[in-house]
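Participant: The structure is given below, and queries will be raised subsequently.
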Amino acid sequence: MSKIIEKAIDQEYKYGFVTDIEQDTLPPGLNEDVIRAISEIKNEPEFMLKWRLKSYRQWLKMEEPTWAKVDYPPIDYQAISYYSAPKKKELNSLDEVDPELLDTYTKLGIPLEEQKMLSGVAVDAVFDSVSVATTFKDELEKHGVIFCPFSEAVQSHPELIKKYLGTVVPHTDNYFAALNSAVFTDGSFVYIPKGVRCPMELSTYFRINAAKTGQFERTLIIADEGSYVSYLEGCTAPMRDENQLHAAVVELVAHEDATIKYSTVQNWYPGDPKTGKGGIYNFVTKRGACLEENSKISWTQVETGSAITWKYPSCILKGDNSVGEFYSVALTNNFQQADTGTKMVHLGKNTKSTIISKGISAGKGQQTYRGGVKIMKNADNARNYSQCDSMLIGEQCGAHTFPYIDVRNPSAQMEHEASTSSIGEDQIYYCNQRGISTEDAVSLIVNGFCKEVFKELPMEFAVEAQKLMEVSLEGAVG
Amino acid sequence: MLEIKNLHVSIDNKKILKGINLTIISGELHAIMGRNGSGKSTLSHVIAGKEGYEIEGEILFNGESLLGKSPEERALAGIFMSFQYPVVISGVNNTYFLKAALNAKLKANGQPELDAMDFLSLIKEKIKLVGMDESYLSRNVNDGFSGGEKKQNEILQLLTLEPTFAILDETDSGLDIDALKIIANGVNQYRNSERGILAITHYQRLLDYMKPDVVHAMIDGKIVKTGDMSLAKELEKKGYSWLID
């Protein structure tokens, strides 16, 4: 079996190319002047600068966490440039967008124009740190939905930013969140007004491009009373020989009776398949707060990229009867390492959470599920269901599971299921005998393994996710 | 269509097959009978292309050597094996699996692949032929199937994929008489003058319903006697000892 597998754990990153666009880039290094410069470039109000500086000073006092089961050389934070933007800015239509950039999207299979016309998906394209194209804005405006680059929201809706920024992920939360709070350059902002069901799926495509430039995205989504929004985030990145740090923060706020569905397909450069060199470091803090009664936040993620993943999309279930969900497929192939999972904190009564985690390891990939379920003292009749399944492909990979459960209310109902499986040689042979190639057999079995999670994805994303699994596992079994 | 010449097979230096010669022409159904451990199943797997055997001799399929070809190449060339122990694939839907297999074949033949709707109407016809309930289509491949259901599922695959040559590896083992009839009926529907079948079995029962053209008795890795249906009856009555010197 191992021979068969080794033969095929070999897959070139299909999206490996670099677009040649002139960049405005700050010299490497981090100090208060750099933060002032970022704030100034962004033309930010005073409160933002103050918050950034406060975060920076906090960060200086903190230490990089080492508890995750990932291994990487020390990061030199002074060697990173903290701002990079394409020179052309503030475009009104796609015609004004650099044709080379549009070409990049085409290579990625994301033709903006087609999406505009056909798919009904509004796209806020984040290219490096500055958003250069925003579509469907008018349609959304009709419903009172605000969907724009974060930096634009700072200008147009400072009161909302002031009210919500850092309320779910405080600047003191963790090392990477503090760093992000100090230096983030852009991201997305969404506000869904009371009673509005957002008329389309909101989607952002992130892309890291400039060499040695860390990407610090900040996303804030607010669903007001009785509203609904489904937000899709998908990423690919160009091939690169330098480690690229990515420390994003996503904050979700769901008010009474509101629902936020946040779906991610993450496919950043995982590093050289033979040496593991050069992949993205993905240290992300994602958290949602179900602030009031009957609110719901659902995270769905398909993580196939990055060299290092450190990511725990979580829910704070504060409102009574609120619901938190986490559906995850994570794949580590070759030299990838992932420490990922979720945290569900039950504060309100009758709160309910569901965790479905599917981890696939191939090659020398190492994967850890780390999940925390906390039932606090006042959370009467809280319920949690957790299921964590691991699949191993080959003999050199690893899967590790760390479920933490902390129950402080005796009425809680907790369920936890876990399994580990592998793709058997006999299964492959059976498929082969029916004329199905080994690669197709692996993708058939892996997609079967993941289907509980894929069905949570919006339709077009589910198809993309399946394709991504195939590409990512190409050659995982020969 | 299938020609086996002086086939010697061993696993870890242990000789299993010791010089098999066998020729099956289109339209024929050959049965190989033998006791446990006589090498019957090894022969099936060697034809199907399973790895892990040391092989000498020749296996020709429609004049071309099969040795050196992968299991899927052989499958796409038209060889099907009904497994003695069909494999469970959790999480993979039976219909989806069959559709993937059929489309792999169509693609290899340069024919257009079937979409989900066309395939569903095809499979609903086929499943009637093996007396299975449509609910099996939405279950996972062999997951939670009884022994008989697994074998029915193999025959369903046979009828759907319509290969030119079928190996039935102890397809009758573990079946009650009703299931046996259904299986035999399915095989008989598959059978025609263009197709060849090699049925491997312990018992004559299945053969009563399938009426083989040629029956071989296999002992200790060799075909020791070849005859017609009367040989099967004789083996059933007298066992195998009389064939050993």
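The values are calculated or read from the model by the stated rules, or taken from the named source; none is laboratory data. All figures in this text were calculated on a predicted structure; none of them were measured in a lab. Positions of Cβ are backbone-derived with ideal geometry, glycine not excepted, and every protein chain shown enters the neighbour counts. We work out accessible area using only protein heavy atoms, side chains counted, and drop any ligands, DNA or RNA first. Shrake-Rupley method; radii C 1.70, N 1.55, O 1.52, S 1.80 Å.
Participant: Among the numbered conditions (1) surrounded by 19 or more Cβ atoms within 10 Å (Cβ to Cβ); (2) modelled with pLDDT under 90; (3) over 18 Å from B:Gly91 (Cβ atoms); (4) within 14 Å of another protein chain (Cβ to nearest Cβ), tell me where A:Gln433 comes up short.
Facilitator: (2)
Residue-wise test of (1) more than 10 Å from chain A (Cβ to nearest Cβ); (2) open to solvent by 20 Å² or more (accessible area, probe 1.4 Å).
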{"position": "B:Ser70", "(1), (2)": "no, yes"}
{"position": "B:Gly78", "(1), (2)": "no, no"}
{"position": "B:Pro86", "(1), (2)": "no, no"}
{"position": "B:Val92", "(1), (2)": "no, no"}
{"position": "B:Leu102", "(1), (2)": "no, no"}
{"position": "B:Glu113", "(1), (2)": "yes, yes"}
{"position": "B:Leu120", "(1), (2)": "yes, yes"}
{"position": "B:Lys124", "(1), (2)": "yes, yes"}
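Participant: Which one is farthest from A:Phe176 (Cα to Cα) among residues in region A:61-72 that are surrounded by fewer than 12 Cβ atoms within 10 Å (Cβ to Cβ) and not β-branched (Val, Ile, Thr)?
Facilitator: A:Asp71
Participant: Only one of (1) touching a strand residue (DSSP E or B) at 6+ places or on another chain (Cβ under 7 Å); (2) surrounded by fewer than 24 Cβ atoms within 10 Å (Cβ to Cβ); (3) modelled with pLDDT under 95 fails for A:Lys364. Which number is that?
Facilitator: (1)
Participant: Just the residues that are in a strand (DSSP E or B) and open to solvent by 10 Å² or more (accessible area, probe 1.4 Å), please, taken from region A:374-383.
Facilitator: Scanning region A:374-383 gives A:Lys374, A:Arg383.
So that you can scan it fast, the table gives a plain yes or no per residue for (1) at pLDDT below 95; (2) open to solvent by 80 Å² or more (accessible area, probe 1.4 Å); (3) over 20 Å from B:Phe83 (Cβ atoms):
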position: B:Asn140; (1), (2), (3): yes, no, no
position: B:Leu159; (1), (2), (3): no, no, no
position: B:Pro163; (1), (2), (3): no, no, no
position: B:Gly196; (1), (2), (3): no, no, no
position: B:Leu207; (1), (2), (3): yes, no, no
position: B:Gly221; (1), (2), (3): yes, no, yes
position: B:Val224; (1), (2), (3): yes, no, yes
position: B:Leu231; (1), (2), (3): yes, no, yes
position: B:Tyr240; (1), (2), (3): yes, no, yes
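Participant: Just one of the numbered conditions (1) touching a Pro at 6+ places or on another chain (Cβ under 9 Å); (2) within 20 Å of B:Leu207 (Cβ to Cβ) is not true of B:Glu51; which one?
Facilitator: (2)
Each row is one residue, and each column tells you yes or no for (1) farther than 27 Å from B:Glu234 by Cβ; (2) loosely packed, with under 14 Cβ neighbours inside 10 Å; (3) at pLDDT 95 or above.
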{"position": "B:Leu2", "(1), (2), (3)": "no, no, yes"}
{"position": "B:Leu7", "(1), (2), (3)": "no, no, yes"}
{"position": "B:Ile11", "(1), (2), (3)": "yes, yes, no"}
{"position": "B:Lys14", "(1), (2), (3)": "yes, yes, no"}
{"position": "B:Leu22", "(1), (2), (3)": "no, no, yes"}
{"position": "B:Arg35", "(1), (2), (3)": "no, no, no"}
{"position": "B:Ser38", "(1), (2), (3)": "no, no, no"}
{"position": "B:Ser41", "(1), (2), (3)": "no, no, no"}
{"position": "B:Gly52", "(1), (2), (3)": "yes, yes, no"}
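Participant: If we keep just the residues of region A:394-428 that are within 14 Å of chain B (Cβ to nearest Cβ) and crowded, with 22+ Cβ neighbours inside 10 Å, which is farthest from the chain's Cα centre (by Cα)?
Facilitator: Among those residues, the one meeting the criterion is A:Ile428.
Participant: Can I ask one more? Of the numbered conditions (1) touching a residue at least 60 places away in the same chain (Cβ under 8 Å); (2) touching a Gly at 6+ places or on another chain (Cβ under 7 Å); (3) away from chain A (no Cβ under 14 Å), B:Phe165 satisfies every one except a single condition; which is it?
Facilitator: Only one criterion is unmet by B:Phe165, namely (3).
Participant: Given the conditions (1) polar (S, T, N, Q); (2) open to solvent by less than 20 Å² (accessible area, probe 1.4 Å); (3) over 20 Å from the mean Cα position of the chain (by Cα); (4) modelled with pLDDT under 90, report the number of the one that A:Thr351 does not fulfil.
Facilitator: (4)
Participant: Is region A:438-456 home to any residue that is more than 8 Å from every other protein chain (Cβ to nearest Cβ), open to solvent by less than 10 Å² (accessible area, probe 1.4 Å) and within 26 Å of B:Ile155 (Cβ to Cβ)?
Facilitator: Yes, some residue in region A:438-456 is more than 8 Å from every other protein chain (Cβ to nearest Cβ), open to solvent by less than 10 Å² (accessible area, probe 1.4 Å) and within 26 Å of B:Ile155 (Cβ to Cβ).
Participant: Which one of these does B:Ile4 not meet: (1) at negative phi; (2) within 15 Å of the chain's Cα centre (by Cα)?
Facilitator: For B:Ile4, the exception is condition (2).
Participant: What residue, of A:Val373, A:Val453, A:Val407, A:Val442, is out of contact with any strand residue (DSSP E or B) (no Cβ under 6 Å at 6 or more places or on another chain) and touching a residue at least 12 places away in the same chain (Cβ under 8 Å)?
Facilitator: After ruling out the rest, the residue left standing is A:Val442.
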